[in-house]
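Worksheet: the structure to be examined is printed underneath.
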Amino acid sequence: MASVADHLKTAPQLSLRFIAVWLRNLRVWRKLMLPSLLGNFGEPVLYLLALGYGLGQFVGEVESMPYMVFLASGIVCSAAMTGATFEALYSAYTRLTQQQTWAAMLAAPMNVDDVVLGEIAWAATKALINASAIVLVASVLGLVAGPEALLVLPVILLAGFSFAGIAMIVTAISPSYDFFLYYFTLVMTPMLLLSGVFFPLSGLPDAVGIGAQFLPLAHVVMLVRPLMTGTAVDAPVLHLAVILGYAVGSYWISAALARRRLIR
């Protein structure tokens, strides 16, 4: 049996067969679209309204903008992370273990790399759907500076691939659903709190602020916030490179771990 190191040395075999996995998940989601949208869309909107209007009255302005405006862009990014993560964890794990959907797919002319990429692509699509809804709400509330906010959408899609890929690594090694709690506690929650979603990174201690630069969510926020507020984007190439690096690296690792788990 090949080791994890052996699988990591092998590049994923890319093909368009992953689209079939994406389409399969889309058809299933369409049957559950309304409750899915309510669950993934409702909580971020509540955070935006409750914190924006409630806490915003006490905070006032942050980085020369009303706190509600500052928060809206952060909520867009956190909604993308949450949407991609939950899809790549719970839904993908259910298809892997309980429903044995992955095993059925592998009986077709399809390999593990195709299935993993299809799952990640679908989770990234869920991130885009969730974030687009928040952008729409922010636009209605007058929290978006102009049409350049539409550039947020491709950034969110790329970010969705990063968050989904990281979550897929956890899915590939998880023995049960309970294992996901480690990821939420040790990775997702700290990343949510330390990436500039709810407050600026400049308010953190220097060491924490430097550490936040290694988190993908922080770079997503640094791209999305200027686009939504109409300010200049600082070092956009660097932010995109970090997000893309996480997307490619996490797919490579998750595909290797999935191959190790499924190929006997």
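The values are calculated or read from the model by the stated rules, or taken from the named source; none is laboratory data. Model, not experiment: these values are computed from the prediction. Cβ coordinates were reconstructed from backbone atoms using ideal geometry, including for glycine residues, and neighbour counts include every protein chain displayed. To get the accessible areas, we keep the full protein, side chains included, count just its heavy atoms, and leave off ligands, DNA and RNA. Shrake-Rupley method; radii C 1.70, N 1.55, O 1.52, S 1.80 Å.
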Cβ-based charge dipole, region 24-118, positive-most Cα from Leu55, Trp102, Ala92: Trp102
Rounded accessible area of Leu117 (nearest 10 Å², 1.4 Å probe): 30
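Go through Trp122, Trp22, Trp29 and list them by solvent-accessible area, largest first, probe radius 1.4 Å. Please list the in-between numbers first.
Numbers: Trp122 5, Trp22 65, Trp29 35 Å².
Order by accessible area, largest first: Trp22, Trp29, Trp122.
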Ranking by accessible area, most exposed first, for Phe18, Phe214 with a 1.4 Å probe: Phe214, Phe18
Thr94, Thr10, reordered so the largest accessible area comes first (probe 1.4 Å): Thr10, Thr94
Percent carbon-and-sulfur accessible area, the chain, ignoring ligands, DNA and RNA, probe 1.4 Å: 71
Amide H contacts under 5 Å for Val62, placed H, 5+ residues apart: Tyr67
MRE, 222 nm, helices only [DSSP H, n ≥ 4, -39500 (n - 2.57), over the chain, to nearest 500]: -21000 deg cm²/dmol
Cα-Cα P(r), region 66-183, percent of pairs per 5 Å interval: 2, 12, 20, 18, 16, 11, 9, 6, 4, 1, 0
Glu61-Ser139 pseudo-label distance in nm [points 7 Å out on the Cα-to-Cβ vector]: 2.7
Stretch gain in nm, segment Ala11-Gln100, where the contour uses 0.36 nm per residue and the Cα spacing is subtracted: 29.5 nm
Rg in Å to one decimal, and Dmax rounded to a whole Å, for region 109-264 via C-alpha atoms: 16.8, 55
Rg over Rh [alpha-carbon atoms, Kirkwood Rh] for region 1-79: 1.27
Accessible area (Å², 1.4 Å probe, nearest 10) - Tyr93: 10
Backbone N under 15 Å from the Asp178 label point (7 Å along Cα→Cβ), restricted to region 79-99: none
Expected-Rg normalisation [2.2 N^0.38 Å, Cα atoms] applied to the chain: 1.02
